[in-house]
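Comments concern the structure below.
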Amino acid sequence: ALPAMAARFPQFVFCALDVEGGAPNEALAWQQVLAKPVARRESSRPVLRSGAKWPCLTLHRAPGLLPAEESFEDRDALAALKAKLVALEGSEFPLPRKAAPAPVPAPAGASGGGSGSGARASLGQLKRGATDLKAALGKASAAGAVLVVAWVQGGDGDAAGGTSVLGEVASVLGGYGAGVQGVVADVGASGANGALAAALKVTTMPTLHVYQGMKVVSAVKGADGLAAKLHKALGPLAAQAPAAAPAAPAAADPASGPSTSTSTGAADTAGEGAPGGPLTLWDPPTGKFARPGTKREFPGRGKGVYWPRMPCLRCGCPWWQGEDWDAQCMRCGWDCEADGYDDDSNPLPQFKAKYDAITAALRAGRTPEWKGKLSTTPAKGRSK
């Protein structure tokens, strides 16, 4: 809903803040809207200070931004915000004559290997790693479109015969209209992008991941023959035949995206959570179940409890055999009490890089691949 609202009101800036996305985000959220939960259970999460239910949307005015000018909460938050923006549009911030943002231009000199139509797609940008990827996937899924994520190094990736990689990708995607969306993920653009690339095992530049229905269905690696390989990957997937011109581009940096429900009854096999493989029992829950404390039945092992903030630092699994501190990892049997986390549930310095890579993958909806030995059935009587 927020991406659609951002497209409707281009004179306003829309941003999404993940309150669990890092210390600065968490500090700002506590300062502005959060309060401690009434329940004292370890699994309890912060609540809104007003006592209302999520979501929480705040309106800020430049240049000061803080404190928020107005907040909108509970089920009618979106409708209330829209009414406020309509009022502001009529009084202070009229809609510009040219409201639609211009497409991000493809790099100069990129002409070879395209679709042949001369049209180029607008490529969005991933800057916040898994957070932006999840938003882009939600937006594409809601539109019934295929999403192509172009992983590059240094903004434009490798070159082949003087042809810009991103220009080539934009030309190919431009022929598929609204059936295909594209975003660029520069590995070096941010630490979050680098962590996500490591979690997804992106090592060859450029690498194109083709997503359909929130999962990778094919990958194209290397600049040689990129256009032909991308056409081959997209051909059976595109929602429509190649058109003469692309549909109008949506906002390049979506503020948020809906979660989607996927089956958790996949094969109970470690190592199948790699990009491109089917969703497995080890992957994070989706939809309304994507919250800490969710429980899932693991055949032959009992119930696992989902704790994404403290994943196993041996295999990367977010599922634990119980809710107590002495619980072991559901997948490999590792004990977080022995090593890995301090008394405040933060990773020890020597595990920080691995922790960042694991949590980036979890935010993208996948548990990292692991090919080690599975744990045995948890002992009877263990908290579940």
>> For the list (1) open to solvent by less than 40 Å² (accessible area, probe 1.4 Å); (2) at pLDDT below 55, I need the number of the one condition that ALA100 fails.
In response: (1)
>> For the range 350-364, give me the residue count where each residue is within 25 Å of the chain's Cα centre (by Cα) and either open to solvent by 30 Å² or more (accessible area, probe 1.4 Å) or among the β-branched types (Val, Ile, Thr) (or both).
In response: 9
> Of the residues that sit in the range 29-49 and are open to solvent by less than 40 Å² (accessible area, probe 1.4 Å) and touching an Asp or Glu at 6+ places or on another chain (Cβ under 8 Å), which one is modelled with the highest pLDDT?
Replying inline: LEU48
> Which numbered condition trips up GLU26, out of (1) open to solvent by 80 Å² or more (accessible area, probe 1.4 Å); (2) modelled with pLDDT of 85 or more; (3) of a type in the set (Asp, Glu)?
Replying inline: (2)
>> Checking the conditions here, which among VAL152, VAL146, VAL86 is modelled with pLDDT of 85 or more, within 20 Å of THR204 (Cβ to Cβ) and among the β-branched types (Val, Ile, Thr)?
In response: VAL152
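For the range 363-382, give me each residue that is aliphatic (A, V, I, L, M) and at pLDDT below 70.
ALA379 - this is the single residue of the range 363-382 that is aliphatic (A, V, I, L, M) and at pLDDT below 70.
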> For the range 322-346, which residues satisfy the criterion of being free of Cβ contacts under 8 Å to residues at least 40 places away in the same chain, under 26 Å from the mean Cα position of the chain (by Cα) and under 18 Å from PRO292 (Cα atoms)?
Replying inline: TYR341, SER345, ASN346
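This table checks each residue for (1) in contact with a Lys or Arg (Cβ under 7 Å, 6 or more places away or on another chain); (2) hydrophobic (A, V, I, L, M, F, W, C); (3) modelled with pLDDT of 60 or more; (4) surrounded by 21 or more Cβ atoms within 10 Å (Cβ to Cβ).
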{"position": "TYR211", "(1), (2), (3), (4)": "no, no, yes, yes"}
{"position": "LYS221", "(1), (2), (3), (4)": "no, no, yes, no"}
{"position": "ALA239", "(1), (2), (3), (4)": "no, yes, no, no"}
{"position": "ALA255", "(1), (2), (3), (4)": "no, yes, no, no"}
{"position": "THR262", "(1), (2), (3), (4)": "no, no, no, no"}
>> Suppose the filter is at pLDDT 85 or above, assigned to a loop (DSSP other than H, G, I, E, B) and touching a Ser or Thr at 6+ places or on another chain (Cβ under 9 Å); does ARG120 pass it?
In response: no
> Which pairs have Cβ atoms under 8 Å, sit 6 or more apart or on different chains, and link a residue in the range 51-80 that is on the phi > 0 side of the Ramachandran plot to one that is open to solvent by 80 Å² or more (accessible area, probe 1.4 Å) and among the charged types (D, E, K, R)?
Replying inline: ASP74/LYS53
> Assuming LYS232 fulfils every condition listed in (1) modelled with pLDDT under 85; (2) closer than 19 Å to VAL169 by Cβ apart from one, which condition is it?
Replying inline: (1)
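The values are calculated or read from the model by the stated rules, or taken from the named source; none is laboratory data. Being a predicted model, the structure only gives us computed values, none of them experimental. Glycine also receives a Cβ, built like all others from the backbone with ideal geometry; neighbour counts cover every protein chain displayed. Remember, those area values only see protein heavy atoms, side chains included, never the ligands or the DNA or RNA. Shrake-Rupley method; radii C 1.70, N 1.55, O 1.52, S 1.80 Å.
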